[in-house]
Amino acid sequence: MQDIGQPGDTLIGRREGAVAHVIFNNPAKHNAVSLDMWERMDALLRDFEADDEIRALVVSGAGGKAFVSGADISKFESERATREAVAQYNKIAQAACGRLYHFPKPTIARIEGYCIGGGVNVAACCDLRYCKQGSRFAVPAAKLGLGYGYTGLKRLSDIVGVARTMEIFYTARQFSSQEAYEMGLVNGVVADGDLDAHVEEITARIAGNAPLTIATVKAAVREIGKDPDKRNLEEIDAMVRACFESEDYIEGRRAFMEKRKPQFKGR
């Protein structure tokens, strides 16, 4: 295990074998996010993108009580009090979330406790989401008078549908883990003591599969989320061809015939 940064950092980077971690580390405030945390997140993800050995990324919150509880409201006066400050904050936060959404490897949100406001946005930027039974979800923007942009709304509605997205925002109420599962917001609800093992099993399965195939699937799904006239299907076709022309395709066929586990190299 390799930690990136200092022990007191409010956002921690970690590398465990082929799995990278981004950990929101502000437990005294239920991992509420400040401007410097968004900046740190963007920088960490940029570094992880350049590491070819990473096969998956897990996003989580420290302390056991929250994934992310939204923006740090105590810093609104210093970080979001003027039009210019709001624009700057939104620009940095959106860049960090965009980098997570477009991260080239599979991303998993490991959710325990509260997943509120910006926490839902961070989770929606991940490919897969798993939570504990006691987790709670909400977007209380309407209780605070906050504006919520198109990109975040679209990402959430792509997951749970337009009607559910409107219910989440209109009511601003908290949803249980079971409700989150039923609407498709999370892929699974795991017993409180089993979440770590479950996420580790998922990342191990991902790490053992063909990286080029997974990268192609993720790229194609991201194209689905775009307007039809903006989709780059030629790039997806090229990625599909690259899979069939790869050493990993040969290895996969041979391993299947020889009844052994394949050893993929991502080329």
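The values are calculated or read from the model by the stated rules, or taken from the named source; none is laboratory data. Since the structure is predicted, the reported quantities are computational estimates derived from the model, not experimental observations. All Cβ positions, glycine included, derive from the backbone under ideal geometry; neighbour counts span all protein chains shown.
Given (1) in a helix (DSSP H, G or I); (2) crowded, with 18+ Cβ neighbours inside 10 Å, identify the lone condition not met by residue 126.
(1)
Does the stretch 151-171 include one or more residues that are assigned to a loop (DSSP other than H, G, I, E, B) and in contact (Cβ under 8 Å) with a residue 24 or more places away in the chain? Even if it seems obvious, please write down each step before you answer.
Of all residues in the stretch 151-171, those assigned to a loop (DSSP other than H, G, I, E, B) come to 161.
Among the residues that remain, those that are also in contact (Cβ under 8 Å) with a residue 24 or more places away in the chain are: none.
So far as the stretch 151-171 goes, no, none of its residues is assigned to a loop (DSSP other than H, G, I, E, B) and in contact (Cβ under 8 Å) with a residue 24 or more places away in the chain.
Any idea how many residues of the stretch 199-218 are in contact (Cβ under 8 Å) with a residue 24 or more places away in the chain and either more than 17 Å from residue 17 (Cα to Cα) or assigned to a loop (DSSP other than H, G, I, E, B) (or both)?
So the count comes out to 8.
So which of 156, 195 is in contact with an Asp or Glu (Cβ under 7 Å, 6 or more places away or on another chain), of a type outside the set (Asp, Glu) and more than 16 Å from residue 71 (Cβ to Cβ)?
Details: 156 fails: in contact with an Asp or Glu (Cβ under 7 Å, 6 or more places away or on another chain).
One residue alone meets the criteria, 195.
Looking at (1) within 21 Å of the chain's Cα centre (by Cα); (2) modelled with pLDDT under 90; (3) in a helix (DSSP H, G or I), which one does residue 248 not meet, given that it meets all the others?
Here residue 248 meets the rest and fails (1).
Taking the stated definitions as given, is residue 69 in contact with a His (Cβ under 6 Å, 6 or more places away or on another chain), closer than 22 Å to residue 174 by Cα and either of a type in the set (Ser, Thr, Tyr) or modelled with pLDDT under 90 (or both)?
Numbers: in contact with a His (Cβ under 6 Å, 6 or more places away or on another chain): yes; closer than 22 Å to residue 174 by Cα: yes; either of a type in the set (Ser, Thr, Tyr) or modelled with pLDDT under 90 (or both): yes.
Considered against the rule, which asks whether it is in contact with a His (Cβ under 6 Å, 6 or more places away or on another chain), closer than 22 Å to residue 174 by Cα and either of a type in the set (Ser, Thr, Tyr) or modelled with pLDDT under 90 (or both), residue 69 comes out as yes.
Within the stretch 28-54, restricting attention to residues that are surrounded by fewer than 22 Cβ atoms within 10 Å (Cβ to Cβ) and in a loop (DSSP other than H, G, I, E, B), which residue is nearest to the chain's Cα centre (by Cα)?
54
Could you tell me whether the stretch 171-180 includes any residue that is hydrophobic (A, V, I, L, M, F, W, C) and either buried (at least 19 other Cβ atoms within 10 Å of the Cβ) or within 30 Å of residue 204 (Cβ to Cβ) (or both)? Let's see the steps before the verdict.
Start the filter on the stretch 171-180 by keeping residues that are hydrophobic (A, V, I, L, M, F, W, C), which leaves 172, 175, 180.
Adding the requirement that they be either buried (at least 19 other Cβ atoms within 10 Å of the Cβ) or within 30 Å of residue 204 (Cβ to Cβ) (or both) leaves 175, 180.
Checked against the condition, which is being hydrophobic (A, V, I, L, M, F, W, C) and either buried (at least 19 other Cβ atoms within 10 Å of the Cβ) or within 30 Å of residue 204 (Cβ to Cβ) (or both), the stretch 171-180 yields at least one hit.
Report, ordered by the first and then the second residue, all pairs with beta carbons closer than 8 Å, sequence separation of six or more or different chains, a first member in the stretch 173-184 that is in contact (Cβ under 8 Å) with a residue 24 or more places away in the chain, and a second member that is of a type in the set (Val, Ile, Thr) and part of a loop (DSSP other than H, G, I, E, B).
177/186; 180/186
Quickly run through the stretch 130-150 and pick out the residues that are free of Cβ contacts under 8 Å to residues at least 40 places away in the same chain and exposed (fewer than 15 other Cβ atoms within 10 Å of the Cβ). So that I can check it myself, show each step before the final result.
Taking the stretch 130-150 and keeping what is free of Cβ contacts under 8 Å to residues at least 40 places away in the same chain, we get 138-139, 141-143, 145-148, 150.
Hits for the stretch 130-150 are 142, 143, 145, 147, 148, 150.
Test residue 191 against the stated conditions and say whether it is in contact (Cβ under 8 Å) with a residue 24 or more places away in the chain, of a type in the set (Gly, Ala, Ser) and either surrounded by 12 or more Cβ atoms within 10 Å (Cβ to Cβ) or closer than 29 Å to residue 120 by Cα (or both).
Numbers: in contact (Cβ under 8 Å) with a residue 24 or more places away in the chain: yes; of a type in the set (Gly, Ala, Ser): yes; either surrounded by 12 or more Cβ atoms within 10 Å (Cβ to Cβ) or closer than 29 Å to residue 120 by Cα (or both): yes.
Yes; evaluated as a whole, the condition is true for this residue.
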